[in-house]
Amino acid sequence: MWFMGFSKANCKNCYACIRVCPVHAIKVTNEQAQIIKERCIVCGKCFKVCPQNAKLIKSEKEMVKHYISGRKKVVASIAPSFAAIFGKYSNKLPKALKLLGFDYVEETASTVDPIINEYEKYANMENEETYITSFCPPVNNIIQKYYKDLCKNIIPVASPAVFHARALKEKYGKDIRVVFIGPCLAKKADGHDEDSIDIVLTFDELEQWLKEENINLEYLEEEKFDYVSNDKRLLPIIGGPTKLIESRNPKKNIIQVDGINDCMKVLEGLRKGKFKNALLEMNSCRHSCINGSGMPYDKVSSYERKENLKKYAKSCSEKDNNSIEIKDKLNISVDKEILPREVFMKEPSSKELREILNSMGKYEKYDELNCGSCGYHTCKEKAIAVYNNMAEINMCLPFMREKAENLTSIIFDMTPNMIVTIDKNLDIIQLNPSAEKFFNISKQKAKGLPIIMFLEAEKFEMVKEDKINIFKEKITLNSNKTTVIQSIIWLEKNQVMLWIADDITKDEELQEKIQGMKIDAINMAQKVINKQMIVAQEIASLLGETTAETKVTLTQLKNLIQEDGNK
């Protein structure tokens, strides 16, 4: 797994992440959302919008602990947005970090001046070009991947996090470990690309770590950072990086943009020749870094965080100012090369595109609803995503709904069983054709009629109240002298009842006829048996008389023979 992804257990195919992703960097495979690393700009919007909290972030917190337990010094570089979270306890954060095991704790903004100075140089250039600040990694990413032609407009300097890490390596030695702690998930990718940063933790991870160690800032003593001037503490809010430049009346217009969607609109405009002779301060997150993707999910509004930051900046006295002009003292490069990155997307042929659209039930132009429920702006975009194995056919909700409704309708209409749907007031909602034929009424006329007009309401009331369904109950309907096997089922979620029945009247009549034939056969057999008994008795009687006569005759003959012998 890359350092961010989605949990398989929690992903529920809602497609919210796909809908919110500005660059379609999420694919669905086997109904599981997955982030496409090569396309992702790490804006974090997908994590924020996920209703199932299915986010997975590969934390390097254990590696930080490993560093702390080793022999090398570990330095924490803290982004200035910390005060937006910790508020009145912000001055106690250095103490908390020391308790976690860090050897040194410094503010990232303590070395930001060289970067601001470079921005100011570009803001005063004698040309009509428009330049873009480079401190926001997702903005850099989206330009490098999707607006490659505008890479030349990005000011080629390092972000404050990267430059501070370089300064720390010079200050404390190349073998130290630098851990940047900030509000941005994208800094994790940025840190892995930069040798000076060893590990990146988000403020969300830091807050969790403090809880695990039972460190409560409320009960700690204050301990000072390497302070910076108050205006540097306001860097995380909109206009923070360019406010000072703007106050000096630069030659170029200063335009502040926040939110990735607005950034994309401005970039599109820049491509078309708009926004000439300007310096664009771009923030991918709405309200800038105080609403970053790595901030705790504490339901605190951006406005409250902004106030926390302002109060903290105001509370810091001027005597504590300690902005470090480290570039003038040490040989540290502020430069960073920002080059285009390739993002590949295969284009299907017209025939292939049409085949995919047809498989989604899009045969005509009016079938292409472009509803966006799948996360793509148009049905053609979705079809191209399917062609690139980024999406699945069944992600088209109107198509799947129509397919399900058609299947349900076929089953409802074609089943030989009678089906009636009934609302909680025991009024008929719908009849299927079998029920229409049985009750001799159309579904249009039956709709809204009370079920008591056709069936006894007592059983329906009982099922509704007791929530005990009836299955395969045999009843006789006096209204039309028929016999049915009925089931009455209460659907709690839908607040409706189903009456499902099978007319067995003909079967019953046939059974009765067969039973009558059996009885007649038994009676006939009994008569035959009785006659046979009489005949047998008569035969036995005759046989008995004949035998007696024979016995008498033979006895007399025997006696005569014996008498002759004696003589």
(request) Give the distance, in whole Å, between the Cα centre of the stretch 6-55 and the Cα centre of the stretch 164-235. (result) 28 Å
(message) On the principal axes of its Cα set, how long, how wide and how thick is the stretch 164-283? Give whole Å, largest value first.
(response) 53, 31, 30
(message) What's the magnitude of the charge dipole for the chain around its Cα centre, counting Lys and Arg as +1 and Asp and Glu as -1 at the beta-carbon? Answer in Debye, nearest 20.
(response) 1340 debye
(message) Just to verify a number: FRET efficiency for Glu213 and Trp2, C-beta to C-beta distance, R0 = 25 Å, to 0.05?
(response) 0.35
(message) I want to check the label-to-label distance for Tyr363 and Asp175. Put each point 7 Å from Cα in the C-beta direction and report it in nm to one decimal.
(response) 7.5 nm
(request) Sort 113-124, 76-87, 331-342 for me by packing, meaning the mean count of neighbouring Cβ atoms within 10 Å per residue, highest on top. (result) 76-87, 113-124, 331-342
(message) Taking the Kirkwood radius as the inverse of the mean 1/r across Cα pairs, report the Rg/Rh of the stretch 337-476.
(response) 1.25
(request) Would you please state the base-10 log of I(q)/I(0) at q = 0.10 1/Å for the stretch 427-533, with intensities from the Debye formula using one equal scatterer on every alpha carbon? (result) -0.43
(message) So I have (i) 16, 32, 19, 15, 7, 5, 4, 2, 0; (ii) 20, 46, 27, 7, 0; (iii) 14, 29, 24, 18, 11, 3, 0, and one of them is P(r) over Cα pairs in 20 Å bins from 0, in percent calculated from this model. Which one is it?
(response) (i)
(request) With a cut-off of at most 12 other beta carbons within 10 Å, and DSSP calling the residue loop, which trypsin sites (Lys or Arg not before Pro) in the stretch 162-227 qualify? Please list them. (result) Lys174, Lys224
(request) For the chain, build the charge dipole from Cβ charges (+1 Lys, Arg; -1 Asp, Glu) around the Cα centre, then report which of Cys289, Ile500, Ala404 sits farthest towards its positive end. (result) Cys289
(request) For the stretch 152-192, count all C-alpha to C-alpha pairs, find those more than 16 Å apart, and express that count as a whole percent of the total. (result) 43 percent
(request) Grab the DSSP H runs of the chain that are 4 residues or longer, score each as -39,500 (n - 2.57), total them, divide by all residues and round the 222 nm result to the nearest 500 deg cm²/dmol. (result) -13000 deg cm²/dmol
(message) Over the stretch 127-241, what is the relative contact order in percent, taking alpha-carbon pairs closer than 8 angstrom and at least six residues apart?
(response) 17 percent
(request) Treat each spin label as a single point 7 Å out from the Cα along the C-beta direction, and report the Ser302 to Glu508 distance in nm. (result) 7.1 nm
(message) Per residue, how big is the convex hull of the stretch 53-175 when only Cα atoms are used? Give it in Å³.
(response) 171 Å³
(message) How much of the pair distance distribution for the stretch 134-174 lies past 16 Å, counting alpha-carbon pairs only, in percent?
(response) 44 percent
(request) Counting residues in the stretch 33-114 as N, plug N into 2.2 N^0.38 Å and put the Cα Rg over that result. (result) 1.41
(request) Find the eigenvalues of the gyration tensor of the Cα atoms of the stretch 1-47, then list the square roots of 5 times those eigenvalues as equivalent ellipsoid semi-axes, largest first, in whole angstrom. (result) 15, 12, 9
(request) Over the stretch 173-224, consider all pairs of different Cα atoms and compute the Kirkwood hydrodynamic radius from their mean reciprocal separation; express it in Å, one decimal. (result) 12.7 Å
(request) Kindly provide log₁₀ I(q)/I(0) values, in the same order as q = 0.22, 0.25 Å⁻¹, from the Debye equation applied to equal alpha-carbon scatterers of the stretch 410-463. (result) -0.80, -0.98
(message) How high is the relative contact order of the stretch 340-473? Use alpha-carbon pairs under 8 Å, at least six apart in sequence, and give a whole percent.
(response) 14 percent
(request) Could you let me know the centre-to-centre spacing of the stretch 487-532 and the stretch 421-467, using Cα atoms, in angstrom? (result) 25 Å
(request) Mind ranking 428-435, 129-136, 442-449 by how tightly packed they are, going by the mean number of other C-beta atoms within 10 angstrom, highest first? (result) 129-136, 428-435, 442-449
(message) Using a probe radius of 1.4 Å on heavy atoms only, what accessible surface per residue do you get for the chain? Whole Å² is fine.
(response) 55 Å²
(request) Quick one: dipole size for the stretch 114-223, taken about the Cα centre, charges +1 on Lys/Arg Cβ and -1 on Asp/Glu Cβ, in debye to the nearest 20. (result) 540 debye
(request) With a 1.4 Å probe and every protein chain kept in, tell me what percent of the accessible surface of the stretch 385-461 is carbon plus sulfur. (result) 56 percent
(request) Before anything else, pin down the relative contact order of the chain: Cα pairs under 8 Å, at least 6 apart, normalised by residue count, whole percent. (result) 14 percent
(request) With a 1.4 Å probe and every protein chain kept in, tell me what percent of the accessible surface of the stretch 1-132 is carbon plus sulfur. (result) 48 percent
(message) So if I restrict to the alpha-carbon atoms in the stretch 114-199, what is the Rg, and what is Dmax, the biggest pairwise distance, in Å?
(response) 14.4, 44
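The values are calculated or read from the model by the stated rules, or taken from the named source; none is laboratory data. Remember, predicted model here, so these are calculated numbers, not experimental data. FYI the Cβ positions are ideal-geometry reconstructions off the backbone, even for glycines, and counts take in every protein chain you see. Keep in mind that these areas ignore ligands, DNA and RNA; they rest on the heavy atoms of the full protein, side chains included. Shrake-Rupley method; radii C 1.70, N 1.55, O 1.52, S 1.80 Å.
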